[in-house]
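For reference, the structure is listed below as structure tokens.
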Amino acid sequence: MAMGKKSNTGAAASAEAQGGIDYTGKKIGMWLFLFTELLFFGGMFLLYSVFRSQYPVEFHAAAQEENLLLGSINTTVLLTSSFTIAVAIAAIRKGSKVLSLYMQTATIIFGICFLIIKYFEWSAKIAKGIYPDSPALLDRGKGDNLFFGLYYVMTGIHGIHVLIGIIVIAIMFVYTRRGVIDRDSFAKLENTGLYWHFVDIVWIYLFPLFYLIT
Amino acid sequence: MRMDRDTSQESTAGYVHYARIWAALVALLLMTIAVGRFSLLANYSVLGSLSIATVKAGLVLIYFMHLRHEGRVVKGMLLLAVAALFFIIALTFVDVWYR
């Protein structure tokens, strides 16, 4: 028993000493999680594709009701936030703690901007009576109901992912300030970056599907 | 000893390089708006918009997520996940179209 314990500790110490093994494991774990997320969002994209092929005219008309300006601004905001988190990671790897903290803060601000714009978009639609199961929407037929139902579910779940990302980046900000994340130990921040970029990629596909394909 | 530094490769890309990728992403966004909203490609606007989206996603994956510095394991797993999604969508469409 004592021997087993000793050998386990030895193996762990050896992995730590090599650094790279531990680092690779952390990264692979995050990528695996992202693949489950890909298939999770993939199911919703599948639903969208099938219903769009069945109700092309209705989806065409409904997409024109979307606010292209707000959608485009939000896309720019999210693309820019991907840039800032990438710089935040590069900065910590180069040992520039202050720049990394500024860039993490910028990413959080961009994330909050995205959610505020989304709030205004949803509010404008709800004010028009367009929300799941609303009397105005139920009068408009299946295609419109499916389009806006998918719009609320997909942008809503994406928005929750943005919110979770903001919270995680805020935690990384605290870790970076306290020195838990530094130029020798940055896997937490890098994995947070991977998650944030994934959320950006999901939006890259949501944007044309809901705002552009008319 | 805490060490996350990957000694096998140095993927600390320069900030200017990231700025260039960001500029390319914004340029592609403007292109996708032109293609999608103003029907520049007429009947091919769906294909055009999704192709541009895929190029954008590729830029984020390769440069921002450092996929080009990853080993075969991560690249292989990504291929498997994307292929699984592709087959799920393709098989569903076979059912929808030929039912």
- Message: Pairs on different chains or at least eight residues apart, Cα atoms closer than 22 Å: how many lysine pairs in the protein assembly as shown fit?
- Response: 16
- Ratio of the Cα radius of gyration of segment B:24-93 to 2.2 N^0.38 Å, where N counts its residues: 1.34
- Cα extents of the protein assembly as shown per principal axis, largest first, Å, are 71, 44, 36
- What is the log10 of I(q)/I(0) for segment A:14-132, computed with the Debye formula using one identical point scatterer on each Cα and no solvent, at q = 0.13, 0.16, 0.20 Å⁻¹? -0.82, -1.05, -1.24
- Note on the structure: Residues whose modelled amide H sits under 5 Å from the amide H of residue A:185, counting only those 5 or more places away in sequence or on another chain, are B:4
- Query: In nm, to one decimal, how far is the residue A:60 label point from the residue B:73 one, both placed 7 Å along Cα→Cβ?
  - Reply: 5.0
- Average Cα contact separation per residue, segment A:40-138, under 8 Å, 6 or more apart, as relative contact order %: 22
- Task: Rounded to the nearest 500, what is the 222 nm mean residue ellipticity of the protein assembly as shown from helices alone, with -39500 (n - 2.57) per DSSP H run of 4+ residues and division by all residues?
- Result: -27000 deg cm²/dmol
- So how tilted is helix A:97-127 from the main axis of chain A? Cα-based, degrees 0 to 90, rounded to 10. 20
- Message: Compute a Gaussian network model of chain A, connecting alpha carbons closer than 10 Å, and tell me which residue from A:23, A:131, A:48 fluctuates the most.
- Response: A:23
- Item | Computed FRET value (nearest 0.05) for residue A:115 with residue B:47, which takes r as the C-beta separation and R₀ as 25 Å | 0.20
- Query: Just counting partner chain Cβ atoms within 10 Å, what average do the residues of peptide A:79-88 show around their Cβ?
  - Reply: 6
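Bear in mind that the values in this text are calculations on the coordinates, not laboratory data. Everything numeric here is computed off the predicted structure, so don't read it as measured data. So basically every Cβ, Gly included, is an ideal-geometry build from the backbone, and we count neighbours across all protein chains shown.
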